[in-house]
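Student: The structure is given below, and queries will be raised subsequently.
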Amino acid sequence: MTADGSLIRLFPVPFRLIRDAQQFKKWQWISAQIYKANDDRRPESHKIYVDTITLDGAPLPTARDWNARRREIEKLRLFTDFAELDRAREAESLTLGLVRPSKILGLDITAVDQAEWSEEELKKLLRHQQQAGLFDDDDARAIRTLRKLPFAFHYRYECEISGETRAYRHKIADWEIGALYWNCLQRHGDGWEQPLREKIEQKLPSADLMFLMGTIHRFPDQWLIVSLIYPPRKYTGERQQIELAI
């Protein structure tokens, strides 16, 4: 996002080409020169000059219930129903948006057709990444070492608008769920599913869970959950007084 609260898509960001002093983390402000991506019609999509990146302070802390991070999140336009976001896509060409579901129904875990990359998939992956400017010829060998997630993860959730409840299902494309899967597999072996579900179906929904959603470049009417944002849930003073009275 930009400082005024506009969502923006920046690419490529090849971390191996960024010098140590330029490497940034999640929730950290940066300054850089950018320009509109000519090969991507999504209005939020911009290219970034990697060698112009400078860090503007340390990553925003989580202290005081995410106070610093929450101030920035509150600048963003928030949708309480996915259908509203999709209407904004049709009316305003919006392709990034923040959605707060009213209820998480569950997580669907579906095995992919092939647990390992096929030769055709590897060639296609390399071709797409080269076209996006994420990798160069020297990265071809590294791509072959990328582990393919053997499962796809979809959130089933509800949004409530004007007393009406609507159910949706979207794929989670956040890289963190892949990292969570590999960590659970390493720690728990065949029992990986239970701890993963506890995190995704229980722990995150107990927070103020929001979805950062984005469309797919080649399929502009299809949405993915590209990031999960989960600040601690805030309670009103009245609610806190009732809990203390109990």
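Student: What do you reckon, is PRO43 part of a loop (DSSP other than H, G, I, E, B) and more than 15 Å from LEU10 (Cβ to Cβ)? Write out each step before concluding.
Tutor: Details: part of a loop (DSSP other than H, G, I, E, B): yes; more than 15 Å from LEU10 (Cβ to Cβ): no.
No.
Student: Kindly establish whether PRO59 is part of a loop (DSSP other than H, G, I, E, B), open to solvent by less than 70 Å² (accessible area, probe 1.4 Å) and in contact (Cβ under 8 Å) with a residue 40 or more places away in the chain.
Tutor: Values: part of a loop (DSSP other than H, G, I, E, B): yes; open to solvent by less than 70 Å² (accessible area, probe 1.4 Å): yes; in contact (Cβ under 8 Å) with a residue 40 or more places away in the chain: no.
No; evaluated as a whole, the condition is false for this residue.
Student: List pairs: first residue in the stretch 67-90 and touching a residue at least 40 places away in the same chain (Cβ under 8 Å) and farther than 11 Å from MET1 by Cβ, second residue assigned to a helix (DSSP H, G or I) and acidic (Asp, Glu) anywhere in the structure, Cβ distance under 6 angstrom, at least six positions apart or on different chains.
Tutor: Hits for this filter: zero, empty list.
Student: Which residues, counting only those in the stretch 46-56, are more than 18 Å from GLY5 (Cβ to Cβ), open to solvent by less than 50 Å² (accessible area, probe 1.4 Å) and in contact with a Leu (Cβ under 9 Å, 6 or more places away or on another chain)?
Tutor: Within the stretch 46-56, the first condition is being more than 18 Å from GLY5 (Cβ to Cβ), and the residues that meet it are 47-55.
The next check asks that each one be open to solvent by less than 50 Å² (accessible area, probe 1.4 Å); those that pass are 47-48, 50, 52-53.
Selection gives LYS47, ILE48, VAL50.
Student: Here is a follow-up. Report, by residue number, each residue of the stretch 153-172 that is open to solvent by less than 80 Å² (accessible area, probe 1.4 Å) and modelled with pLDDT under 95.
Tutor: Result: ILE161, GLY163.
Student: Would you say LEU212 is within 23 Å of GLU74 (Cβ to Cβ) and surrounded by 14 or more Cβ atoms within 10 Å (Cβ to Cβ)?
Tutor: Details: within 23 Å of GLU74 (Cβ to Cβ): yes; surrounded by 14 or more Cβ atoms within 10 Å (Cβ to Cβ): yes.
Against the criterion (within 23 Å of GLU74 (Cβ to Cβ) and surrounded by 14 or more Cβ atoms within 10 Å (Cβ to Cβ)), LEU212 qualifies.
Student: Next question. Starting from the stretch 186-208, take each residue that is over 18 Å from LEU105 (Cβ atoms) and list its partners that are among the hydroxyl-bearing types (Ser, Thr, Tyr), counting only C-beta distances under 8 angstrom and pairs at least six apart or across chains.
Tutor: From the stretch 186-208, the pairs are TRP192/TYR181.
Student: Can you name the residue in the stretch 67-123 that is basic (Lys, Arg) and in contact with a Gly (Cβ under 9 Å, 6 or more places away or on another chain) and is also least open to solvent (accessible area, probe 1.4 Å) among such residues? Before you say what the answer is, go through the steps one by one.
Tutor: Step one: of the stretch 67-123, the residues basic (Lys, Arg) are 69-71, 75, 77, 87, 89, 100, 103, 123.
Next, from what is left, pick out any that are in contact with a Gly (Cβ under 9 Å, 6 or more places away or on another chain): 75, 77, 89.
Details: LYS75: 92, ARG77: 123, ARG89: 48 Å².
The extreme case among them is ARG89.
Student: Quickly run through the stretch 215-225 and pick out the residues that are among the aliphatic types (A, V, I, L, M) and either exposed (fewer than 13 other Cβ atoms within 10 Å of the Cβ) or modelled with pLDDT of 95 or more (or both). Before you say what the answer is, go through the steps one by one.
Tutor: Filtering the stretch 215-225 down to residues among the aliphatic types (A, V, I, L, M) leaves 216, 224-225.
Those that are among the aliphatic types (A, V, I, L, M) and either exposed (fewer than 13 other Cβ atoms within 10 Å of the Cβ) or modelled with pLDDT of 95 or more (or both): LEU224, ILE225.
Student: Suppose we filter GLU193, GLU238, GLU243 for residues that are surrounded by fewer than 16 Cβ atoms within 10 Å (Cβ to Cβ), modelled with pLDDT of 95 or more and over 23 Å from PHE79 (Cβ atoms); which single one remains? Working first, answer last.
Tutor: Working: GLU238 fails: modelled with pLDDT of 95 or more; GLU243 fails: modelled with pLDDT of 95 or more.
Among GLU193, GLU238, GLU243, only GLU193 is surrounded by fewer than 16 Cβ atoms within 10 Å (Cβ to Cβ), modelled with pLDDT of 95 or more and over 23 Å from PHE79 (Cβ atoms).
Student: Please specify each residue of the stretch 64-104 satisfying the condition of being over 18 Å from ALA173 (Cα atoms) and assigned to a strand (DSSP E or B).
Tutor: LEU78, PHE79, LYS103
Student: Looking at (1) in a loop (DSSP other than H, G, I, E, B); (2) over 28 Å from ARG233 (Cβ atoms); (3) open to solvent by 70 Å² or more (accessible area, probe 1.4 Å); (4) not β-branched (Val, Ile, Thr), which is the one condition that is false for LYS25?
Tutor: Failing condition for LYS25: (2).
The values are calculated or read from the model by the stated rules, or taken from the named source; none is laboratory data. From a predicted model like this one, the values you see are computed outputs, not experimental measurements. Cβ sites come from the backbone with ideal geometry, for glycine too, and all protein chains shown count toward neighbours. The protein model used for the area step is the full one, side chains on, heavy atoms only, and it has no ligands, DNA or RNA in it. Shrake-Rupley method; radii C 1.70, N 1.55, O 1.52, S 1.80 Å.
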